[in-house]
Every structure is written in structure tokens, then in C-alpha cells.
């Protein structure tokens with residue numbers, strides 16, 4: 001049963017040297033996920049530092065809602081790539097504007113989680129953090145179209 005009044009509240013925000021939208025070169029970007037001190041204590045992060053990577057769910061909060069895509073489009077407007085539905089790509093123009101990234105965990109200090117490779121800009125609201133667990137990886141062969149491999153060449 002759905003609850004239309006359910007609200008997701010950010011657990012914290014990103015502190016990043018990248019303040020503007022960019023499509024590529026995220027691999028070496030180090031940033032901090034700073035948890036909301038009014039809601040959490042350092043206990044919320046206890047044991048997280050035992051993991052090498054985390055999954056971060058965040059909100060593309062500065063994406064213009066009028067530009068949200070609900071149909072199909074060419075990724076990055078590239079005419080060489082096929083027109084695909086918004087759910088067949090990872091664009092920020094998604095209906096609920098949710099981002100999901102697996103990034104390297106550098107360390108935990110109090111309410112700060114230091115990461116590398118988080119493709120979210122400064123002040124982005126973080127909705128959740130989960131440890132990356134090998135057993136949650138796909139259990140069968142992964143396939144993807146060639147265009148996505150081309151798109152990702154300079155991403156990290």
C-alpha cells in the first residue's frame with residue numbers, strides 16, 4: 001500500500017570541490033558526505049570504515065524540474081547514440097532526480113564520510129548511504145550496449 005504523504009529527508013549533504021554540473025572526470029574527486037548533526041551521532045557510522053566502498057543515494061536537487069525527461073532521448077544529445085528511454089540511462093533528468101553511485105570510502109571522522117569518485121556536486125542532498133557488499137553484485141553475466149561504454153570512457 002502506497003503512502004502519498006511519505007517524505008524522504010536527506011541524511012546529510014555533500015562537501016565537494018566541484019560546485020557545478022560536469023559530465024566527466026569524477027574518478028579522482030574527493031568529497032565528504034557530512035551527516036546532519038541534528039539527527040545523527042557518530043554512532044550511525046560505526047563499523048562503516050570496515051568497508052572499502054559505499055553506495056550513495058542522492059538527489060539532483062538543482063536540476064530544472066521543467067527539463068525532466070519521462071520519455072526517450074539521445075544520451076548527452078549525441079546523434080551517434082540511439083534514442084533510449086530515461087530508465088535505460090543514468091541521466092540527471094530523471095523523473096525523481098535520484099542519483100546512485102558506488103564510490104571508494106577513504107575514511108570516517110565523526111559525522112564526516114570521506115569518499116573518492118562520488119559524482120555529486122557541492123551541497124547535494126544525500127538520502128542514504130549503504131556499504132557496498134560483494135554478495136549484492138549481479139550473480140550472472142552483465143551486459144550493456146556499446147554506446148554506454150563509449151559514454152563512460154572519460155567519466156571516471
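The values are calculated or read from the model by the stated rules, or taken from the named source; none is laboratory data. Values in this document were obtained by computation on a predicted structure and should not be read as measured data. Here Cβ is always computed from backbone atoms with ideal geometry, including for glycine, and neighbour counts include all displayed protein chains.
So, residue 110, is that one in contact with a helix residue (DSSP H, G or I) (Cβ under 7 Å, 6 or more places away or on another chain), in contact (Cβ under 8 Å) with a residue 60 or more places away in the chain and loosely packed, with under 13 Cβ neighbours inside 10 Å or not? Yes, satisfied.
Hey, among 86, 33, which residue is surrounded by 14 or more Cβ atoms within 10 Å (Cβ to Cβ), within 17 Å of residue 110 (Cα to Cα) and out of contact with any helix residue (DSSP H, G or I) (no Cβ under 7 Å at 6 or more places or on another chain)?
Criteria check complete, one pass: 33.
Confirm whether residue 94 is out of contact with any strand residue (DSSP E or B) (no Cβ under 8 Å at 6 or more places or on another chain) and closer than 20 Å to residue 72 by Cα. Yes: the conditions hold for residue 94. For residue 130, the criteria (1) over 12 Å from the mean Cα position of the chain (by Cα); (2) surrounded by fewer than 16 Cβ atoms within 10 Å (Cβ to Cβ); (3) on the phi < 0 side of the Ramachandran plot; (4) not in a loop (DSSP other than H, G, I, E, B) hold in every case but one, which is (1). Would you check if residue 75 is in contact (Cβ under 8 Å) with a residue 60 or more places away in the chain and either over 13 Å from the mean Cα position of the chain (by Cα) or surrounded by 14 or more Cβ atoms within 10 Å (Cβ to Cβ) (or both)? Here the answer is yes, as residue 75 does meet what is asked. Residue check: residue 83 meets all listed conditions (1) on the phi < 0 side of the Ramachandran plot; (2) modelled with pLDDT under 90 but one, namely (2). Within the range 104-117, which residues are at pLDDT 95 or above and either in a strand (DSSP E or B) or within 17 Å of the chain's Cα centre (by Cα) (or both)? Within the range 104-117, 104, 105, 106, 107, 108, 109, 112, 113, 114, 115, 116 meet the criteria.
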